[in-house]
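The values are calculated or read from the model by the stated rules, or taken from the named source; none is laboratory data. Just so it is clear, the model here is predicted, and its values are computed rather than measured. Cβ atoms come from the backbone with ideal geometry, glycine included; neighbour counts cover every protein chain shown.
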There are 4 protein chains.
Amino acid sequence: MKVIVDLCVVPLGVGLSVSAYVAACERVIREAGLKSQLHAYGTNIEGEWDEVMAAVKRCHEVVHAMGAPRITSSMRLGTRTDREQTMEDKIASVERALDRAASDPGA
Amino acid sequence: MKVIVDLCVVPLGVGLSVSAYVAACERVIREAGLKSQLHAYGTNIEGEWDEVMAAVKRCHEVVHAMGAPRITSSMRLGTRTDREQTMEDKIASVERALDRAASDPGA
Amino acid sequence: MKVIVDLCVVPLGVGLSVSAYVAACERVIREAGLKSQLHAYGTNIEGEWDEVMAAVKRCHEVVHAMGAPRITSSMRLGTRTDREQTMEDKIASVERALDRAASDPGA
Amino acid sequence: MKVIVDLCVVPLGVGLSVSAYVAACERVIREAGLKSQLHAYGTNIEGEWDEVMAAVKRCHEVVHAMGAPRITSSMRLGTRTDREQTMEDKIASVERALDRAASDPGA
């Protein structure tokens, strides 16, 4: 089962700057060979469910090992059985819908 | 590693009533022997990381098997290494803080 | 437009214990006269969109005023136009589905 | 109060393809003059709290008006009082942390 997730890891008890911890998660995801895309409030990850979830667990382990005693993450998880859909497909599909509306202002 | 998660599973393509799918997830979680508590917009689950995540995966599999071709879930995941904390501890801790404030209106 | 939200407010830069901040949000919600129910990983709130969102904003303001320089919240927001549905309705609907399945193990 | 949110709007009861509804939300956000960035599982939005929240409400109104009888959205909301921080700042901060680690493999 393929999954696309959107993950935001928040370490507590380490002050206000969390970028080093988020960067460590990025490295975990990349080292796992997973396709991912960072954005301003999380990271999109695409892959097989077990591999993606193993990376999410490893993020928590690594961030704890860096000294964060508490972590609260939020995640969206999307699966579908009707067809394959990549992260690029999802964005392209919205952009096509935007184009259609732009070319038909009455829509 | 223990985790407390808050899970909300949303099946798409099955119409407006999603209670049968949410109930199926509840059964998955209970059959896994995990401690859980349903609320109006999700379910709290407490347990070992691997067992909780296996149940979340099983929820997606079961909801797909019931006929939902697409699922989008949202989840919070909390881990801590400083001390054990149960779901009841979390609620009791907020309620004690509410009591303290009530007995000291100047606080 | 009525909304049911599930809100989890996370203050950063204030150490590991966040219960005083969560309790302050509870007071904000109650003082706004909104129906709400605390759980182990957030709070369900039900009411008119503008009133609920004003309370969510007030939560951020109050938690900043208590000394948290940074806040990251996560929220689910549900609206429907087909019919009215309360928080109790949502839970009852899942519980009925659980009962149906229990009385018909072949379902 | 400035806020950076990450919004994912999910219409129910309209079948499996949700891109037209997501595109409608994008138009709402752009017409509000808000800075935003689409990703594969949501949209980052940056601006004054009241303006951002007005756009989120308008998204629900527009998606209902397009025929979706039920909507469930998930959102992250970040505010800070210690300093201004844009969406670009957040990404640049993580990328600098990635660079530092790359140039110091022992870190």
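If you take the residues in region C:9-32 that are over 21 Å from residue A:14 (Cα atoms) and more than 7 Å from every other protein chain (Cβ to nearest Cβ), which one is surrounded by the fewest Cβ atoms within 10 Å (Cβ to Cβ)? Write out each step before concluding.
Initially, region C:9-32 is screened for residues over 21 Å from residue A:14 (Cα atoms), giving C:23-32.
Still in the list and also more than 7 Å from every other protein chain (Cβ to nearest Cβ): C:24-25, C:28-32.
Working: C:24: 24, C:25: 27, C:28: 22, C:29: 23, C:30: 13, C:31: 10, C:32: 17.
For region C:9-32, the residue satisfying everything is C:31.
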>> Only one of A:7, A:38 is touching a strand residue (DSSP E or B) at 6+ places or on another chain (Cβ under 9 Å), more than 26 Å from residue B:55 (Cβ to Cβ) and hydrophobic (A, V, I, L, M, F, W, C). Can you tell me which?
In response: A:38
> residue A:98: modelled with pLDDT under 95, in contact with a helix residue (DSSP H, G or I) (Cβ under 7 Å, 6 or more places away or on another chain), surrounded by fewer than 22 Cβ atoms within 10 Å (Cβ to Cβ) and within 8 Å of chain D (Cβ to nearest Cβ), yes or no?
Replying inline: yes
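How about region C:57-71: which of its residues are crowded, with 22+ Cβ neighbours inside 10 Å, over 13 Å from the mean Cα position of the chain (by Cα) and not aliphatic (A, V, I, L, M)?
Filtering region C:57-71 down to residues crowded, with 22+ Cβ neighbours inside 10 Å leaves C:59-60, C:63, C:68, C:70-71.
Those left that are additionally over 13 Å from the mean Cα position of the chain (by Cα): C:60, C:63, C:68, C:70-71.
Across region C:57-71, the qualifying residues are C:60, C:70.
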>> I want to confirm something. Restricting to region C:82-95 and keeping residues that are free of Cβ contacts under 8 Å to residues at least 60 places away in the same chain and facing another protein chain (nearest Cβ under 7 Å), which single residue is surrounded by the fewest Cβ atoms within 10 Å (Cβ to Cβ)?
In response: C:82
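Would a scan of region C:75-88 turn up a residue that is of a type outside the set (Asp, Glu) and under 21 Å from residue C:13 (Cα atoms)?
Of all residues in region C:75-88, those of a type outside the set (Asp, Glu) come to C:75-81, C:83, C:85-87.
Now narrow it down to the ones that are under 21 Å from residue C:13 (Cα atoms): C:75.
Yes: region C:75-88 contains one or more residues that are of a type outside the set (Asp, Glu) and under 21 Å from residue C:13 (Cα atoms).
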>> Quick test of your reading of the structure: residue B:74 fulfils all but one of (1) farther than 20 Å from residue A:81 by Cβ; (2) buried (at least 23 other Cβ atoms within 10 Å of the Cβ). Name the failing condition by number.
In response: (1)
> Which residues, taken from region B:33-56, are buried (at least 18 other Cβ atoms within 10 Å of the Cβ) and either at the interface with another protein chain (Cβ under 7 Å from one of its Cβ atoms) or in contact with a Lys or Arg (Cβ under 8 Å, 6 or more places away or on another chain) (or both)?
Replying inline: B:36, B:38, B:39, B:40, B:41, B:42, B:44, B:45, B:46, B:47, B:49, B:53
